[in-house]
Structure formats: structure tokens, C-alpha cells
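Okay, structure first, notes after.
The values are calculated or read from the model by the stated rules, or taken from the named source; none is laboratory data. Source: prediction; values computed, not measured. FYI the Cβ positions are ideal-geometry reconstructions off the backbone, even for glycines, and counts take in every protein chain you see.
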Amino acid sequence: MKLFLNSLYIVSTPIGNLDDITLRAIEVLKNSDIVLCEDTRRSLKLLNHLKIKKKLISYHKFNEKKKDPEIIEHINKGKILSLISDAGTPMLSDPGRILVNLCIDNKIKIIPIPGASSLATAMSVSGFKDQFIFYGFLPKTEYELEKALSTLSNYSFSQVFFVPGLKINFYLKYFKKYFAGRKILIAKEMTKIHENFIRENIDEIKMYNEKMKGELTIIISHQNIKKKHFNKEKIVNKAIKYLKKYSLKDTVDLILETEKFNKKEIYSICLKIKNEKNS
């Protein structure tokens, strides 16, 4: 296999089972001059399994800006570099985006080597609709989490998140609040000996007494959102009643508290009734 010089290869690695690596990925790693990796200890375990000896450079979110000029210099000198993450496909909630954009700016060839991904693996066994949103790791604070889920809950698509196992109960509490009526899949230890897929209705799932280890891939099912029928007669009757006591603005606000319809349409109805009343 011939590799391109002066190039950066984005190489997918196994998410658990070390045998889940492609033949092409093995060849690229064998022929790379340098392998960039999040944790050299974890990557060394994979390379030893594949009987590959290469120079490893630690590359993670805490040092990527500092390392980028050095990496670009290696590539410009004709070196072949591969970027791998601790597990799965790089760039999906992993460091590397800054480097990729830097390579784009410097007209450096970027070559993806596809392979394992916890996102695709979990979706393939979920049974949920394949129109989905991938969010990645959710916010850690209550305020930011509620802000994010409040927006995401408006979408009917399936939704994929990464969650630390130790904080599963923290996130389940908010999933129950914002995704009521949907189903949930919790994927843990995928492709490993203790692989487990937990399927449950969000409303019925219970909190866990024992702490889960590692990172979990969580999928919230799609939801069929039925469009509510616009009952104009009901709106008109409320508008007539409220306009006897309240202003136009207050009347519209009061109706919107119970009738979740288009504000402009309700305002138009209320304005027409008010004008007819004053004529």
C-alpha cells in the first residue's frame, strides 16, 4: 500500500475489541513516521497487539495548540503522520479539529481511514429511526444541561449522547424531564466481553444503585410530534372574554399560556375582535 507523503491520516481504531481494526488502518499505521495519540499508554497497547513499533506523540485537548506548529513542520518535511484517538473515529468528541483546520489552511492533504465508531455501532442496534442528531458529551452543570435539553427536546429525531458512567443518574433525571414518552438505549462496554445494551422507556427507567464505569453511549428515540388542531372558535371565545378585562397584549399572553399556537395568528384574531368591539 502506497501512502501519500506530506499528509495527515485520520485513522479509526477499535472502540473495545482490538480485532475490530481494518486492514487499511493497520497498513497506514505500519507506514506512518509518527502516530499522534491521546494517551500513549492506551495507543501502545493497540500497536503492540498489532506488532507495530512507531514513534508516538501525545496529542490531546490540553496540548494540541502547542503541538500543532511542530506537527505541521513534520508534515512539511515529508513525514507521514497518523492521528488516532483513544477509541473509535477521531474528531467525534475528540481532539484534532484545530489540527485538521490548520492542515486545510496549509493545503496539506488529509486522508480519512474509516472504521469503528461507538456512534454508528450503537445506532445500528437501537431500532430507532436513523434520522438522528449527534450531540456528543452533554454539559456538566445543571443550568447548561437544561438549556441544551430544552432546545433538543423540540426535535423529533433520535438523539445520541456520550455520558460518563459515574454520572448516569444525574443525566437520567433530566432525560425523564425533557424526553418523556420516548425510549432510551444505554450502550456500555460495546464490543467487549461485558457488552450490554439496556433498553427501556424513559418514563419507567429507574436510577442505578451501583455506579457504572467508563463512557456510555446513550440514544434517545425519535418522537412522533402530532400537529395540534387549531381551534379558532375556542380562541375567539377566550379573546372575547379576556378583552372585557385586559389589554390586547395581556389577552394574547393569557391565551398563549394554555393554547400553544402561533402568536401572530392569535394576535391577529384578538386585534380583529377588539377593533370590531370599538367600531
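Overview of results
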read-out	value
Matching residues, the stretch 248-257, being in contact (Cβ under 8 Å) with a residue 12 or more places away in the chain and either in the same structural domain as N154 (by TED's automatic domain parsing) or closer than 23 Å to N154 by Cβ (or both)	V252, I255
Any hit, the stretch 170-190, residues being touching a Pro at 6+ places or on another chain (Cβ under 9 Å) and at positive phi	no
Sole residue being of a type in the set (S, T, Y), in contact with a strand residue (DSSP E or B) (Cβ under 9 Å, 6 or more places away or on another chain) and farther than 21 Å from S93 by Cβ, chosen from S58, S32, S12	S32
Residue check, K65 in contact with a helix residue (DSSP H, G or I) (Cβ under 8 Å, 6 or more places away or on another chain), loosely packed, with under 15 Cβ neighbours inside 10 Å and more than 20 Å from R24 (Cβ to Cβ)	yes
Only listed residue being among the β-branched types (V, I, T), surrounded by fewer than 14 Cβ atoms within 10 Å (Cβ to Cβ) and assigned to a loop (DSSP other than H, G, I, E, B), chosen from I193, I205	I193
So S85, is it of a type in the set (S, T, N, Q), in contact (Cβ under 8 Å) with a residue 40 or more places away in the chain and within 30 Å of A180 (Cα to Cα)	no
Of all residues in the stretch 73-114 being among the small types (G, A, S) and on the phi < 0 side of the Ramachandran plot, the one that is farthest from the chain's Cα centre (by Cα)	S82
From S221, S268, residue being in contact with a Gly (Cβ under 9 Å, 6 or more places away or on another chain) and among the small types (G, A, S)	S221
Members of the stretch 104-118 found to be within 16 Å of I84 (Cα to Cα) and not small (G, A, S), listed by number	I110, I111, P112, I113, P114
Members of the stretch 118-173 found to be surrounded by 12 or more Cβ atoms within 10 Å (Cβ to Cβ), at pLDDT below 95 and of a type in the set (S, T, N, Q), listed by number	S150, S153, S156
Strands (runs of 3 or more DSSP E) (entirely within the stretch 71-168) containing at least 3 residues that are touching a strand residue (DSSP E or B) at 6+ places or on another chain (Cβ under 9 Å) and assigned by TED's automatic domain parsing to the domain that holds I198	132-137, 158-164
Flag for E200 being exposed (fewer than 14 other Cβ atoms within 10 Å of the Cβ), in a strand (DSSP E or B) and at pLDDT 95 or above	yes
